[in-house]
Amino acid sequence: MNEKIPHIVIDARIRRSSTGRYIDRLIEHLQKIDSNSKYTILIQKDDNWEPSNSNFTTKVADFKQFSFNPLDQIRFAGMLYDLKADIVHFPMNQQPVLYFGPVVTTTMDLTMLKYTRAGKTPLPIFWLKMIGYRFLFWLSNRKSKAIITISKYVKKSLAEKYKFTTNKTTTTYCAAEEMHDNNQTSPSYIDKDEEFILYVGAAFPHKNLPTLVDALGLIKENSNLKLILVGKKEYYYHKLDKYISKKDYSDRVITTDFIPDSELNWLYQNTSAYVFPSLSEGFGLPGLEAMVHGAPVVSSNSTCLPEIYGDAALYFNPLDAEDMALKIERVLSDKNYRKQLIAHGHKQVKKYSWTKTAEQTLEVYKKVLG
């Protein structure tokens, strides 16, 4: 009698978003290690991702990622039932309420439960959405056969909030990839001989960028030091620009919007320090990516960051602009210590591997399948 081939469905609709790196790398590496299961990868209709392994196929699931529309909820659940999956793996907590098949959920972090962000959404509508989000967050973790977190900090925080998650949660770390394209383009907004510190990422409130701007004004080591903030210009970056404009050193703070990789490579490899002031992270991938490029990292000591960076970063209290400034100054002034951080960074990134992530995830699937 032939053994049944397990059918695993993975929701990869967020693959191309800023938070989609995890699921994108996971499906890429699962193809290299598992030829014994059938996989269906759910994608958006304008996503041209194609599998490299014949046991992987794609299916368009053209539903909004954060939709509470009852019709979308019903249609998406119906699609999943039709697929007759042995497991559906969701990389986020927003899932069809009416789907009750075997589910594995990756809970990235608990940031949205503590640091809400309404953006342009009118507050009454936003708070209604937050009620829905909190319900889905609880429900997705409750009904999951297994939960994956991307740091031990998130696993511990989740267990403190929901004791029922304790015995069904596994931590699988993310990874920073080696730099394959070393092309560099010097940007027009900074001269080659100017000293600068760097941040790359969103400007959401929990990213704590106003405190980083404040810290720049307190750094005495170099009164001409510039701060470059790289991230897509959206509501919160525009709000940050207004905050920066009120500073008497506003000409030393540059917000770039989206930039090409060659320009980003140049910034990483020429910055005096990569500074990560975040108040809440699930893994903290940007700091590891800075280490890959050879940038010394000065980081917030909050949430999972000391767990992920180890001794490869110099830590500060993210709520204390003066402490942040002092730690940045140390890296600027102590060249030997700066070299030490860079060397530790190269060692630290080697502890993480997307292949290992995929292998550990596959073990979670096997455990659920019994």
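The values are calculated or read from the model by the stated rules, or taken from the named source; none is laboratory data. Keep in mind it's a predicted model, so treat the numbers as computed, not measured. Methodologically, a virtual Cβ is constructed for each residue, glycine included, from the backbone with ideal geometry; neighbour enumeration extends over all protein chains shown.
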Identify all residues within the range 24-48 that are among the hydroxyl-bearing types (S, T, Y) and surrounded by 16 or more Cβ atoms within 10 Å (Cβ to Cβ); write none if there are none. S37, Y39, T40
When the range 161-206 is checked residue by residue, the ones that are closer than 24 Å to L113 by Cα and part of a loop (DSSP other than H, G, I, E, B) are Y162, T172, Y173, C174, G201, A202, A203, F204
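So is S223 touching a Lys or Arg at 6+ places or on another chain (Cβ under 8 Å), modelled with pLDDT under 95, in a loop (DSSP other than H, G, I, E, B) and of a type in the set (S, T, N, Q) or not?
Judged against the criteria, S223 is not a match.
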Log entry, pairs with first residue in the range 119-138 being surrounded by 10 or more Cβ atoms within 10 Å (Cβ to Cβ), second being of a type outside the set (S, T, N, Q), beta carbons closer than 6 Å, six or more apart or on different chains, reads G119/Y235; F126/A118; G132/F68
Tell me, which residue of the range 121-155 that is of a type in the set (V, I, T) and assigned to a helix (DSSP H, G or I) is farthest from the chain's Cα centre (by Cα)? I125
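Residues checked against (1) within 26 Å of G282 (Cβ to Cβ); (2) surrounded by 17 or more Cβ atoms within 10 Å (Cβ to Cβ):
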residue	(1), (2)
E3	no, no
Y22	yes, yes
P51	no, no
N69	no, no
Q94	yes, yes
L113	yes, no
Scan the range 244-261 for residues that are under 28 Å from S333 (Cα atoms) and under 26 Å from the mean Cα position of the chain (by Cα) and jot them down. I244, V253, I254, T255, T256
One residue from I23, I27, I10 being hydrophobic (A, V, I, L, M, F, W, C), closer than 23 Å to S144 by Cβ and free of Cβ contacts under 8 Å to residues at least 40 places away in the same chain: I27
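I want to confirm something. Restricting to the range 231-259 and keeping residues that are assigned to a loop (DSSP other than H, G, I, E, B) and acidic (D, E), which single residue is surrounded by the fewest Cβ atoms within 10 Å (Cβ to Cβ)?
Restricting to residues being assigned to a loop (DSSP other than H, G, I, E, B) and acidic (D, E), the top hit is D248.
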Anything in the range 356-370 that is in a helix (DSSP H, G or I), of a type outside the set (K, R) and surrounded by fewer than 14 Cβ atoms within 10 Å (Cβ to Cβ)? List them, or say none. E363
Among the candidates I228, I190, which residue alone is surrounded by 15 or more Cβ atoms within 10 Å (Cβ to Cβ) and either over 18 Å from G287 (Cα atoms) or not assigned by TED's automatic domain parsing to the domain that holds Y274 (or both)? I190
